[in-house]
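Structure record follows, encoded as structure tokens.
The values are calculated or read from the model by the stated rules, or taken from the named source; none is laboratory data. All values reported here derive from a predicted model rather than from experimental measurement. Quick reminder, even Gly has a Cβ in these numbers, built from the backbone with ideal geometry, and neighbours come from all protein chains shown.
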Amino acid sequence: MVSSILNAAVSGLSLNAQRIGAAADNIVNVSTTAYKRTDIHAQSISTRQSSTAYASSGVQAIARPLNGVQGLLTSSGSSTDLALSGSGYFAVSKSTVSPQGASGDESLFTRDGSFAPDNRGYLVNTSGYYLLAQKPDGSGGLSPVNLKAIGGTAEATSNTQVGANLPAAASVGERFSINVRATDSLGNDLDIPLDFEAQAGGAYRLSVGAVTETALGATTAVAREGSNAGPSYDVVVQFSADGTVASFDGGAQPPALNISGLASGADEINIQLDLGQVGSTDGLTRFGAEFALGSVQSDGARFGAVSNVNIASDGRVTAVFDNGETRAIARIPIATFTNPSGLSAETDGGYRATDASGAPTYQQAGAGGAGHVQSGALEQSTTDLGTEFVNLIVAETSYRASLEVLKSADQLSKSLLDEIA
């Protein structure tokens, strides 16, 4: 009987010591990014009882990590800091070696999104975990995200819009020129002169003058219709009596302008000239006024280096270049688990998948039960100091009470021994 009392008292001491330990961990991690507090629950130990005798059974501690509880999100000011609003974890690795596939055995998991580029360009958090992502379309295995691996970008011009009034009273042979600034595949600027020559009957003949590569001063490029095998660019623009375009060589649109033979070695480019719709005043017109240039707009972009990185709520990572271009470079998948509390906690806020947690299921952020990614934010600790101090006081009081039971059992043992003696 006395021994069962001793066992019950010792189990009470152990339970409340663990409660104090859990409260201590929770309190010291009140400022730890994405820390999940742990509760210690008491579970009674059952022994066979009878109506005439009672045997003390005691209690055992059950640790319950609250991994699925959402912490508050706070703004951080850095676009590469990430937080998850909702369920799931970021897949991470302790090294920059790409895991083979998307297996939980080859990746760790965390909600600590304090990522920033290291000196090699890898996105790594303050705990030393490298962020893993897939290809921009969400396919393929996981690999570390490296911002320095993103090359510069340039985009050749493919569309040019021109608006201008060509004088209705121009003499046959009178010429007007409009310079179009375009970009080749290497990001170099080209000056392409569109020459309009007045014809009999109110038409204008459109041809292309010498194309100048502004970086080299070269004029070796050739302008042709449709392709590099087409004729030299020569199009007749007919106008209606109301001053709007009637046709381009009998068609509704001018042929594409092909530029080849560039001295820079850039690829040939094909530019669709938008000179206005037939019957509309949104491009070329022929009114009784002086020559007037409206606007000239071309797409394409000169060479640009990475100036920023944007991360969308669905996990898409987009590089922003200083020439205004953007490029999708990766997609961050979100790992979800059947039982997040079954994850095994690692050092520095990481978790490992276990049989209890189940294998990870990778989802696009915001889909299939996975949370959204919030860029420029961090998840705070789920520790509430008020609650922890209350738990600490209760556990300390219970510990002292169990100690008193232990002392009482010890006194009973001494009394029994004295009687026997």
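Overview of values
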read-out: Scan of region 259-288 for residues that are of a type in the set (Asp, Glu) and within 30 Å of Ala241 (Cβ to Cβ), ordered by number; value: Asp274, Asp282
read-out: Criterion violated by Thr382 - all others in (1) within 30 Å of Ala312 (Cβ to Cβ); (2) of a type outside the set (Gly, Ala, Ser); (3) part of a helix (DSSP H, G or I) satisfied; value: (3)
read-out: Only listed residue being hydroxyl-bearing (Ser, Thr, Tyr), buried (at least 18 other Cβ atoms within 10 Å of the Cβ) and over 19 Å from Ser158 (Cα atoms), chosen from Thr285, Thr219, Thr281; value: Thr285
read-out: Residue match in region 332-348 (condition: among the hydroxyl-bearing types (Ser, Thr, Tyr) and buried (at least 17 other Cβ atoms within 10 Å of the Cβ)); value: yes
read-out: Residues of region 295-331 satisfying the condition of being part of a loop (DSSP other than H, G, I, E, B), surrounded by fewer than 21 Cβ atoms within 10 Å (Cβ to Cβ), in the same structural domain as Gly121 (by TED's automatic domain parsing) and modelled with pLDDT of 90 or more; value: Ala312, Ser313, Asp314
read-out: Boolean, Ala223 is within 15 Å of Ile271 (Cα to Cα) and either assigned to a strand (DSSP E or B) or touching a Pro at 6+ places or on another chain (Cβ under 6 Å) (or both); value: yes
read-out: Complete set of residues in region 28-65 that are farther than 25 Å from Leu403 by Cα and modelled with pLDDT of 85 or more; value: Val28, Asn29, Val30, Ser31, Thr32, Thr33, Ala34, Tyr35, Lys36, Arg37
read-out: Answer from Leu385, Leu403 - the residue that is surrounded by 14 or more Cβ atoms within 10 Å (Cβ to Cβ) and touching a helix residue (DSSP H, G or I) at 6+ places or on another chain (Cβ under 8 Å); value: Leu403
read-out: Leu147 vs. criteria under 17 Å from Gly304 (Cβ atoms), surrounded by fewer than 18 Cβ atoms within 10 Å (Cβ to Cβ), aliphatic (A, V, I, L, M) and touching a residue at least 12 places away in the same chain (Cβ under 8 Å); value: no
read-out: Complete set of residues in region 160-178 that are touching a strand residue (DSSP E or B) at 6+ places or on another chain (Cβ under 6 Å) and over 8 Å from Val296 (Cβ atoms); value: Ala164, Asn165, Leu166, Ala170, Val172, Glu174, Arg175, Phe176, Ser177
read-out: Region 349-361, residues that are in a loop (DSSP other than H, G, I, E, B), buried (at least 16 other Cβ atoms within 10 Å of the Cβ) and of a type outside the set (Gly, Ala, Ser); value: Pro360
read-out: Of all residues in region 115-133 being in a strand (DSSP E or B) and touching a Leu at 6+ places or on another chain (Cβ under 6 Å), the one that is surrounded by the fewest Cβ atoms within 10 Å (Cβ to Cβ); value: Pro117
read-out: Spans of strands (runs of 3 or more DSSP E) in region 23-93 with at least 3 residues without any contact (Cβ under 8 Å) to a residue 60 or more places away in the chain; value: 38-44, 59-65
read-out: Residues (surrounded by 17 or more Cβ atoms within 10 Å (Cβ to Cβ) and under 19 Å from the mean Cα position of the chain (by Cα)) located in region 150-165; value: Ile150
